[in-house]
Amino acid sequence: MEDMGKQAGKKNVSSFFSRKLRSARRTELQPLMAPAPIGVAGEGPTVQAGAKGAKKKAGSRLWMRFDRTGQSEVAELDKNAIIRRASIPTRDLRILGPIFSQSSNIIAREKAIVINLEFIKAIVTAEEVLLLDPLCQEVLPFVEHLRQQIRLNSPSKGHGHVQDDVQGKKMLSTEGQWLHNEKGEDEEELPFEFQVLEVALEFVCTYLDSSVSDLERNAYPVLDDLAMNVSTKNLERVRSLKSNLTRILARVQKVRDEIEHLLDDNEDMAQLYLTRKQIQNQQFEALMASATSNSIVLAPNLARLNSNVRGSASFASFPSDDNNVEDLEMLLEAYFMQLEGTRNKILSVREYIDDTEDYVNIQLDSHRNELIQLQLVLGIASFAIAINTLVAGLFAMNIPCDLFQVSHIFTPFVAGTSAGSFLIFLLVLAYARWKKLLGS
């Protein structure tokens, strides 16, 4: 028994030291296994190389973040990080996924705008932009254009940025003036979220318009070739052209319908004013904080102060221009008209294709009619020759006939039957022309 107890004690001591050794090794390896940062703020979407063998988080995707000053950084973020950062539901991330890649959506949430326009998939807040897959070939020009526009309209030109309490008060004063002063200046600068939305709409509309222009430039020569020569090669080219035209029309129609849906509902447009909602919330919080500090000093007048604070807070939170969406409406209408012009281009090309198809069908019908007329003439000639052949067949029978005894009758008889057959041909042909079965 004593030997067994000693062995058990040795095992416990050895297991204790082995656990200590494993924990010490893990502690030493943790700095080596920690992944390097992926994105660095700077001029472009630079990506630092991580340690070899570092595993990518499950469900994480590449995002680029832009702030108000145009500074950017690239990072791999998972769904939970995006949801916490932008305060959006999970279903909005599905809209940005590959399943809805062909759809167009502009969705307003409490603190963010979800933009899914063609290849541009972004989440816009009042302070930053999160752009999905920024290193794609189609998205790179948009990234550069967005950086330039944000820097041109950076907050250093007139608006404060919420970094601390002092800057927050500056933003309250400057942005509050923007909210309540509708006609104080000739040209008001758009909020940050509308600047991003404008750049996205401008880029998408320009991209679609250039695609339609290229298609229109290639369409007319193909259709002219088909009108001059109806061949299998030209028909295949026109079929491919119609397929491309249908696809691009559907893409333009989706973006146009989404903008039209926003223009038809003022409440949806009002929800897109993220900066205005942020300022209202900050004003309400500032008033509540001041009310709380005053209530500590003036406890007997707490009820009256709370009622006053509610009235002033409601006035501050819901200003008179809360439903004023004129700026956004003008912005959306401009790009709606541009998309309408692009759509009209596509419809004009499709109308030209339909006219060309009608012309080709008319040509084919004309050729078909000519073939029918030729077949009718040949049928009439065959009928006349058949009569002559019938007469020749009758005399070819071994039947006694007095005409066989007449000398030199063969030539006149053949000439007479041939002339009779030709006369019958002319009579039937004249009848067909009289009935307008043959062209003049």
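Every condition in (1) under 30 Å from A219 (Cα atoms); (2) more than 49 Å from the chain's Cα centre (by Cα) holds for H367 except the one numbered (2).
A quick yes/no check of all residues on (1) at pLDDT below 90; (2) among the β-branched types (V, I, T); (3) surrounded by 12 or more Cβ atoms within 10 Å (Cβ to Cβ):
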| site | (1), (2), (3) |
| --- | --- |
| Q338 | no, no, yes |
| E357 | no, no, yes |
| L374 | no, no, no |
| V377 | no, yes, yes |
| T389 | yes, yes, yes |
| G393 | yes, no, no |
| A396 | yes, no, no |
| D402 | yes, no, no |
| S407 | yes, no, no |
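Rundown of residues vs (1) in a strand (DSSP E or B); (2) modelled with pLDDT of 90 or more; (3) of a type in the set (V, I, T); (4) in contact with a His (Cβ under 9 Å, 6 or more places away or on another chain), yes/no style:
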residue	(1), (2), (3), (4)
A75	yes, no, no, no
R84	no, no, no, no
N116	yes, yes, no, no
R151	no, no, no, no
H161	no, no, no, no
K170	no, no, no, yes
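Within the range 237-258, residues that are open to solvent by 10 Å² or more (accessible area, probe 1.4 Å) have Cβ atoms under 8 Å from residues that are of a type in the set (D, E, K, R) and not in a helix (DSSP H, G or I) in these pairs: R251/E118, counting only partners at least 6 apart in sequence or on another chain. Close contacts from the range 72-99, counting a first residue that is at positive phi and in contact (Cβ under 8 Å) with a residue 12 or more places away in the chain and a second that is of a type outside the set (D, E) and open to solvent by less than 70 Å² (accessible area, probe 1.4 Å), with Cβ to Cβ under 9 Å and a gap of 6+ residues or different chains, come to S87/R109; S87/A112; S87/T125.
The condition of being surrounded by 15 or more Cβ atoms within 10 Å (Cβ to Cβ), out of contact with any Ser or Thr (no Cβ under 6 Å at 6 or more places or on another chain) and assigned to a helix (DSSP H, G or I) does not hold for L364. S382 passes every criterion in (1) farther than 30 Å from G416 by Cβ; (2) of a type in the set (S, T, Y); (3) over 49 Å from the mean Cα position of the chain (by Cα) apart from (1). Among the numbered conditions (1) modelled with pLDDT of 90 or more; (2) under 17 Å from L208 (Cα atoms); (3) buried (at least 20 other Cβ atoms within 10 Å of the Cβ), the only one that S104 does not meet is (1).
Restricting Q363, Q373 to those that are out of contact with any Asp or Glu (no Cβ under 7 Å at 6 or more places or on another chain) and either of a type in the set (K, R) or under 26 Å from R239 (Cα atoms) (or both) reduces the list to Q363.
Of the residues E216, E236, which single one is acidic (D, E), more than 22 Å from R343 (Cα to Cα) and assigned to a helix (DSSP H, G or I)? Going through E216, E236 in turn, just one is acidic (D, E), more than 22 Å from R343 (Cα to Cα) and assigned to a helix (DSSP H, G or I): E236. Collect the residues in the range 88-105 that are under 19 Å from E127 (Cβ atoms) and not in a helix (DSSP H, G or I), keeping them in residue-number order. Matches in the range 88-105: I88 only. Within the range 396-440, the residues that satisfy the criterion of being touching a residue at least 12 places away in the same chain (Cβ under 8 Å) and either part of a loop (DSSP other than H, G, I, E, B) or in contact with a Lys or Arg (Cβ under 9 Å, 6 or more places away or on another chain) (or both) are L437, L438, G439.
The values are calculated or read from the model by the stated rules, or taken from the named source; none is laboratory data. All values derive from a computational prediction rather than experimental measurement. Glycine gets a Cβ as well: all are built from the backbone with ideal geometry, and neighbour counts include every protein chain shown. The protein model used for the area step is the full one, side chains on, heavy atoms only, and it has no ligands, DNA or RNA in it. Shrake-Rupley method; radii C 1.70, N 1.55, O 1.52, S 1.80 Å.
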